[in-house]
Amino acid sequence: QVQLVESGGGLVQPGGSLRLSCAASGSIFNINAMGWYRQAPGKQRELVALITGVSSTNYADSVKGRFTISRDNAKNTVYLQMNSLKPEDTAVYYCNADLASNSNREYSDYWGQGSQVTVSS
């Protein structure tokens with residue numbers, strides 16, 4: 001069974017940095033795009049950053065220049081380096097992967113369990 005497991009959330013002061021990781025495990029055939037989304041209390045889930053299978057990237061305007069998404073295909077892992085964090089970055093962050101398992105070779109969305117990121121002094 002395929003699953004995505006996140007790590008790296010926590011509490012940080014404004015201006016600080018955090019790095020989120022998300023590792024896909026199980027019987028994986030291939031992974032296309034991987035991404036990070038976030039959901040703040042009372043708000044809809046929004047795309048933060050996306051990286052394609054050929055490592056093209058896309059960012060929400062609110063995080064451009066501060067966040068960097070990357071991936072290690074050998075480890076089936078996606079990262080989100082977050083610098084110059086602001087209180088408005090506080091949210092639960094979810095990783096996402098467009099992934100095909102070996103069992104059926106059909107692509108589906110898979111989600112991590114969510115990681116709380118709190119930016120506060």
Here is a list of conditions, (1) assigned to a strand (DSSP E or B); (2) open to solvent by 30 Å² or more (accessible area, probe 1.4 Å); (3) among the hydrophobic types (A, V, I, L, M, F, W, C), and Ala74 meets all of them except one; can you say which number that is?
(1)
Would you call Ser55 open to solvent by 20 Å² or more (accessible area, probe 1.4 Å), assigned to a loop (DSSP other than H, G, I, E, B) and touching a residue at least 40 places away in the same chain (Cβ under 8 Å)?
no
Tell me which residues, restricted to the stretch 1-30, are surrounded by 20 or more Cβ atoms within 10 Å (Cβ to Cβ) and either more than 17 Å from Ala91 (Cα to Cα) or more than 11 Å from the chain's Cα centre (by Cα) (or both).
Leu4, Leu18, Ala24
When the stretch 22-52 is checked residue by residue, the ones that are part of a loop (DSSP other than H, G, I, E, B) and of a type outside the set (D, E, K, R) are Gly26, Ser27, Ala40, Pro41, Gly42, Gln44, Thr52
What are the pairs with Cβ atoms under 8 angstrom where one residue, in the stretch 14-40, is touching a residue at least 60 places away in the same chain (Cβ under 8 Å) and the other, located anywhere, is of a type in the set (Gly, Ala, Ser) and open to solvent by 50 Å² or more (accessible area, probe 1.4 Å)? Sequence gap at least six, or different chains.
Pro14/Ser120; Pro14/Ser121; Gly15/Ser84; Ser17/Ser84; Leu20/Ser7; Cys22/Ser7; Ser27/Ser103
Limited to the stretch 80-95, what total is found for residues that are assigned to a loop (DSSP other than H, G, I, E, B) and within 14 Å of Cys22 (Cα to Cα)?
0
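Kindly evaluate Leu85 against the criterion of being surrounded by 15 or more Cβ atoms within 10 Å (Cβ to Cβ), modelled with pLDDT of 95 or more and over 29 Å from Asn104 (Cα atoms). First the steps, then the outcome.
Values: surrounded by 15 or more Cβ atoms within 10 Å (Cβ to Cβ): yes; modelled with pLDDT of 95 or more: yes; over 29 Å from Asn104 (Cα atoms): yes.
So Leu85 fits the description; yes.
The values are calculated or read from the model by the stated rules, or taken from the named source; none is laboratory data. In this text, all values refer to a predicted model and were calculated from it rather than measured experimentally. With ideal geometry, Cβ positions are generated from the backbone for all residues, glycine too; neighbour counts draw on all protein chains shown. Side chains are part of the model used for accessible areas, which takes the heavy atoms of the whole protein and leaves out ligands, DNA and RNA. Shrake-Rupley method; radii C 1.70, N 1.55, O 1.52, S 1.80 Å.
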